[in-house]
Every structure is written in structure tokens, then in C-alpha cells.
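S.K.: Got a structure for you, questions after.
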Amino acid sequence: MTCTEFIAMLDDLIEDRVSASLRAELEEHLRGCEHCVVTLNTTRKTIEIYRSHELYELPNDLRQRLQKAILAKCKKC
């Protein structure tokens, strides 16, 4: 299994919509691919945060710098 194939199945893996044999293939890939382990863990954590509705207050100056950087990047597109 390649990383691309793993990423394509990530949603089904997280939602437990894979067969036992496919799960075994995905887990085998994870044993040898730290990149996909990080991707899986980060995706799971993002979903947990989203579902828990945790809000993170940004300091005002950081929020302004972030908005300015995003707008600057958008103008280049």
C-alpha cells in the first residue's frame, strides 16, 4: 500500500468503514510509515477538537497578523 492509497482510505478508516482485511493492510502500512501515522493522529485530533467545539482565543495582535498574512497571500492568487 502506498501513502496515496492510505490517505484515500483515511476517512473510511477513521469512521470504521473498512473490512477486516483492508484494516490489516492499513495497519501494516502504518507500522512502516511514520508520515501516515502523523497524518492519522493529526486528523483524529482535529476531528476531536472540532466535535468538542473547543474555542481557542488568539491574542489580538496574533489574530491581526494572521489575518494580514492570509489577505496578503490571497492577493497573490
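The values are calculated or read from the model by the stated rules, or taken from the named source; none is laboratory data. Predicted, not measured: the structure shown is a model, and the values here were computed from it. Using ideal geometry, Cβ is built from the backbone for each residue, glycine included, and neighbour counts are taken over all protein chains shown. Protein only, heavy atoms only, side chains kept; ligands, DNA and RNA dropped before computing areas. Shrake-Rupley method; radii C 1.70, N 1.55, O 1.52, S 1.80 Å.
S.K.: Along the Cα→Cβ direction, 7 angstrom out, place labels at residue 17 and residue 74. What is the inter-label distance in nm?
M.R.: That separation, rounded to one decimal, is 3.1 nm.
S.K.: Would you mind getting the accessible area per residue of the chain, heavy atoms of the protein chains only, 1.4 Å probe, in Å²? Before the final figure, lay out the partial values.
M.R.: Numbers: 6360 Å² over 77 residues.
Accessible surface, normalised per residue, equals 83 Å².
S.K.: Treating cross-link reach as a plain straight distance, find the aspartates and glutamates whose alpha-carbon is under 17 Å from the alpha-carbon of residue 45, omitting any fewer than eight places away in the same chain.
M.R.: Excluding near neighbours in sequence, the set is 11, 12, 15, 16, 34, 54.
S.K.: Excluding same-chain residues fewer than 8 positions from residue 68, which aspartates and glutamates have a Cα within less than 20 Å of its Cα?
M.R.: Cross-link targets: 57.
S.K.: Please report, as a whole percent, how much of the solvent-accessible surface of the chain comes from carbon and sulfur atoms (probe radius 1.4 Å).
M.R.: On the way: 3650 of 6360 Å².
Its accessible area is 57 percent carbon and sulfur atoms.
S.K.: Leaving out same-chain residues fewer than 8 places away, which aspartates and glutamates sit with a Cα under 20 Å from that of residue 75?
M.R.: Residue 75 reaches no qualifying aspartates and glutamates.
S.K.: Could I ask something else about it? Considering only 42, 20, 10, whose Cα is most displaced toward the positive end of the charge dipole of the chain, charges sitting on Cβ of Lys, Arg (+1) and Asp, Glu (-1)?
M.R.: Most positive-ward Cα: 42.
S.K.: Quick one: putting +1 on the C-beta of Lys and Arg, -1 on the C-beta of Asp and Glu, what dipole do you get for the chain around its Cα centre, in Debye to the nearest 20?
M.R.: Numbers: 12 positive and 13 negative charges, 153 e Å.
For this selection, approximately 740 debye.
S.K.: Can you give the Rg and Dmax of the chain based on its C-alpha atoms, in angstrom?
M.R.: That works out to 17.7, 50 Å for Rg and Dmax.
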